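Working notes for the structure below.
Every number here is computed from the coordinates shown, using simple stated rules; none is lab data. All figures in this text were calculated on a predicted structure; none of them were measured in a lab. Using ideal geometry, Cβ is built from the backbone for each residue, glycine included, and neighbour counts are taken over all protein chains shown.
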Amino acid sequence: MRDSESVSASIEPVLRKARPEDLPRLWALDRLCFEPGIAYSRREMQRFLLLPGAEGVLAEADGELRGFALGYPDASDLARVVTLDVHPDFRRQGLGRRLLRELLSRLAAGGSARAVLEVDVRNSGAIEFYRREGFRKVGRLASYYGRGLDAFEMTKTLLQAVRRSPEEVAAARAASRTPRPRRGD
């Protein structure tokens, strides 16, 4: 690592809401973090960002994208974590934890009482990370990532949930018709 890279790496990233113009960088990072066939397409990423109530949180320092988390309300009290991506150069520094916690906080503030996510059964590091963050396995989804590539479904109770208005509940139910965010479709 060069000196200038060292300085950039030592700057604490700022978390902010993802915006539509961030899509190209989010998509590029997702392709870096996940293997072909599992990484989301640009169209899928855009669709998730535009869902009603969607929350995207990104971390950047000096204009450099270091990671992001994306989720959305899927039912009256359920939120889905679509993805948590951290650039390989910035992993194991607490950034994934910050992004996940901020995303879940925002989803809870919007009325979600539970969060659910899917994780590759082969990814023991991610499974342990989510377990430490309070998620528990509730099922196994056969061939979720493609033929023979299973996922664990994990869930967590969100403590900060607030009541939604009847209109917000109706909008969340309408959004729940959105199919589960399978990777590689």
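Using a 10 Å cut-off around each Cβ, can you sort 44, 133, 118, 12 from fewest to most neighbouring Cβ atoms?
12, 133, 44, 118
So what J values fall out for the stretch 34-51 if you push phi through Karplus, 6.51 cos²θ - 1.76 cosθ + 1.60 with θ = phi - 60°, rounded to Hz, Gly and Pro as x?
10, 5, x, x, 10, 4, 6, 6, 4, 4, 4, 4, 4, 4, 5, 5, 9, 5
Once you place label points 7 Å from the Cα toward the Cβ at residue 19 and residue 92, how far apart are they in nm?
3.5 nm
Could you work out the local net charge near residue 154, counting Lys and Arg as +1, Asp and Glu as -1, over the other residues with Cβ closer than 10 Å to its Cβ?
Its environment carries a net charge of +1.
Kindly identify the stretch 21-161 as rounded, prolate or oblate by the Cα gyration tensor criterion: order the square roots of the eigenvalues as a ≥ b ≥ c, call it rounded if a/c is under 1.5, otherwise compare a/b with b/c, prolate if a/b is larger, else oblate.
Judged from the Cα gyration tensor, the stretch 21-161 comes out rounded (a/c under 1.5).
Given R₀ = 22 Å, FRET efficiency for residue 75-residue 121 by Cβ-Cβ distance, to 0.05?
The pair residue 75/residue 121 has a calculated efficiency of 0.35.
Run the numbers for residue 141 and residue 128: contour at 0.36 nm per residue of separation, minus the present Cα-Cα distance, in nm.
2.9 nm
Fewest first, what order do 48, 68 take by the number of other Cβ atoms within 10 Å?
Lowest count first: 48, 68.
Residue-wise, which Karplus ³J(HN,Hα) couplings in Hz belong to the stretch 116-129, taking 6.51 cos²θ - 1.76 cosθ + 1.60, θ = phi - 60°, and x for glycine or proline?
9, 8, 10, 9, 4, 4, 7, 8, 4, x, 5, 4, 5, 4
What list of ³J(HN,Hα) values in whole Hz, one per residue of the stretch 68-74 in order, does the Karplus curve 6.51 cos²θ - 1.76 cosθ + 1.60 (θ = phi - 60°) give from phi, with Gly and Pro shown as x?
7, 9, 9, x, 7, x, 10
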